[in-house]
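Here is the structure we will look at, set down as structure tokens.
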Amino acid sequence: MIGLIAATAAGAAARDRLATAWPETTAVYDGPVKEAVARAFAECDRLVCFLATGAVVRLVTPLLADKATDPGVVCVDEAQQHAVALLGGHEGGANELAHAVGEVLGCRPVVTTATDAVGLPGLDTLGWPVEGAVAAVSRAMLDGDPVRLDAHDVHPLPALPPNVTATTDSDVRLVVGDRVEELDGRTAVLRPPSLVVGVGASRGAPTREVRELVESALAGAGLSARSVAALATVDAKADEPGVVATAEHFGVPLLTYPAAALEAIEVPNPSAAPLAAVGTPSVAEAAALAAAPGGELLVPKRKSAPEGRAAMATAAVARRRPRGRLAVVGLGPGARDLLTPRARTELRRASVVVGLDQYVDQIRDLLRPGTRVLESGLGAEEERARTAVAQARAGHAVALIGSGDAGVYAMASPALAEATADIDVTGVPGVTAALAAAAVLGAPLGHDHVSISLSDLHTPWEVIERRVRAAAEADLVVTFYNPRSRGRDWQLPKALEILAAHRSPGTPVGVVHAASRPDERGEVTTLAALDVTTVDMVTVVTVGNTATREVAGRMVTPRGYRWQS
Ligand code: SAH
């Protein structure tokens, strides 16, 4: 029996929902909570208390006897956000109960005992299948015990803790690969999606014949079906029921290729039969290789072996080259709470982080222990871009970081100009300085606006000036990035002069230094009154258009539909 105890109205409502969901197995304990908990503790094998954990700790402490006999206790908070397995996680069944309560009430189970945290730390985010002694290896990884990493290739894995390395001498092993392993209680295996099975089939080939052929092709080579990423065949067989059903059986997509594409692929065992039937001398081998560019053929063509009739299916297996991963991650303007959750996830997804040292400092504490950090000083932009791409091409999971948005006057363009099609690229947008500053200033970007960098390191000044003039003529709100540094002090006055030819001296100008950082300073002034010496390289300057007004100390650019000129 599960005893239910509540003290408040919200607790009682949640208690009643649980009692209604589990009428046979629950009992409500009413009355003063102290007595209610004591009675339930004596009479039930599990308790759900709709009380704060602190209160429950005090109430049950005098009642504790033995781990083997004490009931499991779960606490649900007043807002029903969490179901905490407080006591008796294993023996008392609290861990399981916390999950079950979570299902009914829609709250998150909180389980803190070690063996229940069976995800390999960090690796559970990959979505790759794991098998073997996952709990034992997870615990060793978490406890800092030596764990040997056996991986045949470089895979785009998140950083592993320093106690997990290929050179560690330990019989606790984490294997990353597609080969069948003997499981010995000390080995966990992570299955990368590395295999592609090419399949050929005559019309009407029975599903069972195709499936058993695929299974035996894998097993015969000591390969795990859990590493199969896709089945592949020729276009003409895209609807062949036995092939389609086999892909479904393995839970993978069926990739199909035109006969002409397969014909062009060199294979060890071409034959005349498929050439006549579908127009390519190879289906199974060629399709497997087509789906694994640059990969290797592990299992040459095999035929099915049905009893008493001719074979109707062929299969071959290829291994794909692991694809590295490049995440281009914007960190936002500086404040931690303006770093997006997605950026945070990508930082923890990476094993290599590349960036300017001052940006790495901004997020160093978020990186997984064991993350390789390749930081460099100002300037070395091209080199950083090349390094990030080279690391991804070597198969690693790389995060290339930049402040604000990594695509705005930052690393995304030099990196992607170097990137090749053999890596996966993902971009994470960040809050760029213009937006962070706008929020400080009010609503300066309420109508059409443009950003212009005043740095003439990469761009000739004539080009910059032409763009400033165009923005001035088009009456665009302008945000200047890189406005002024010690060695570059005449560009901002010059740019403002160009704008002033088209806007009144009273036009509002916003100056924001270090937006969202502890030393943030924001000021709304005017074109005539702006003191450019207050502007430095950690500042953006936003100049209003002819409709922008200062309202209660804030900069407001009206939207077009209420235009007043
Ligand atoms: N990728 C960045 C911009 C890099 S260019 C982004 O999207 O924000 C560098 C310039 O950005 C600086 O010279 C400054 O003008 C501006 N900048 C960056 N962070 C800033 C901040 N927190 N406050 C004000 N300006 C900032």
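Rule-based calculations on the coordinates, nothing more; no lab input. Model, not experiment: these values are computed from the prediction. So basically every Cβ, Gly included, is an ideal-geometry build from the backbone, and we count neighbours across all protein chains shown.
At-a-glance table
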item: Inter-probe distance in nm under a simple model that places probes 7 Å from Cα toward Cβ, at LYS494 and LEU64; result: 7.4 nm
item: At 0.890 mPa s and 25 °C, Stokes diffusion of the range 197-254 via Kirkwood alpha-carbon radius, µm² per second; result: 218 µm²/s
item: Paramagnetic reach from ALA42 (point 7 Å along Cα→Cβ, amide N under 12 Å) across the range 1-35; result: 35
item: Rounded, prolate or oblate (a/c below 1.5 giving rounded, otherwise prolate when a/b exceeds b/c) for the range 434-556 by Cα gyration tensor; result: oblate
item: Mean separation of Cα contacts under 8 Å (6+ apart) over length of the range 201-262, as relative contact order %; result: 40 percent
item: Shape parameters for the range 336-491, alpha-carbon atoms, Rg then Dmax in Å; result: 17.3, 53
item: Spacing of the two label points (7 Å from each Cα toward its C-beta) at ALA421 and ASP337, in nm; result: 4.6 nm
item: Whether the range 47-135 is rounded, prolate or oblate, judged on the alpha carbon gyration tensor where a/c under 1.5 counts as rounded; result: oblate
item: Mean Cα-pair separation over length for the range 409-565, i.e. relative contact order, pairs under 8 Å, 6 or more apart, %; result: 26 percent
item: Pairs of alpha carbons in the range 1-41 whose separation is greater than 16 Å (percent); result: 30 percent
item: Prolate/oblate/rounded label for the range 2-112 (Cα gyration tensor, a/c 1.5); result: rounded
item: Shape box of the range 123-190 [Cα atoms, principal axes, largest first, Å]; result: 25, 24, 21
item: Cα pair distances in the range 277-357, grouped into 10 Å bins until the bin that holds the longest one, percent each; result: 14, 26, 16, 15, 15, 10, 3, 0
item: Full-extension gain in nm, ARG517 to SER376, via 0.36 nm per residue minus C-alpha separation; result: 48.5 nm
item: Nonlocal amide H pairs with GLY442, under 5 Å, H built at 1.01 Å; result: MET555
item: Where only alpha carbons of the range 509-554 are counted, the Rg and the Dmax (Å); result: 10.9, 32
item: Computed E for ALA273/LEU142 - FRET, C-beta separation, R0 60 angstrom, nearest 0.05; result: 0.60
item: Highest to lowest packing among 13-26, 472-485, scored as the average C-beta count within 10 Å; result: 472-485, 13-26
item: Residues of the range 61-84 with amide N under 13 Å of a point placed 7 Å along Cα→Cβ from ALA52; result: 77-79
item: Volume per residue of the C-alpha convex hull in the range 294-419, rounded to whole Å³; result: 151 Å³
item: Förster radius 60 Å - calculated FRET efficiency between VAL104 and ALA221 (Cβ-Cβ, nearest 0.05); result: 0.80
item: Length gained when the stretch GLU266-ALA19 is fully extended (0.36 nm per residue, less Cα-Cα span); result: 82.2 nm
item: Taking only Cα atoms of the chain, radius of gyration then Dmax in Å; result: 31.9, 96
item: Percent RCO, i.e. relative contact order, over the range 1-41, from Cα pairs under 8 Å lying at least 6 residues apart; result: 50 percent
item: Neighbour-count order for TRP490, TRP128, fewest beta carbons within 10 angstrom listed first; result: TRP490, TRP128
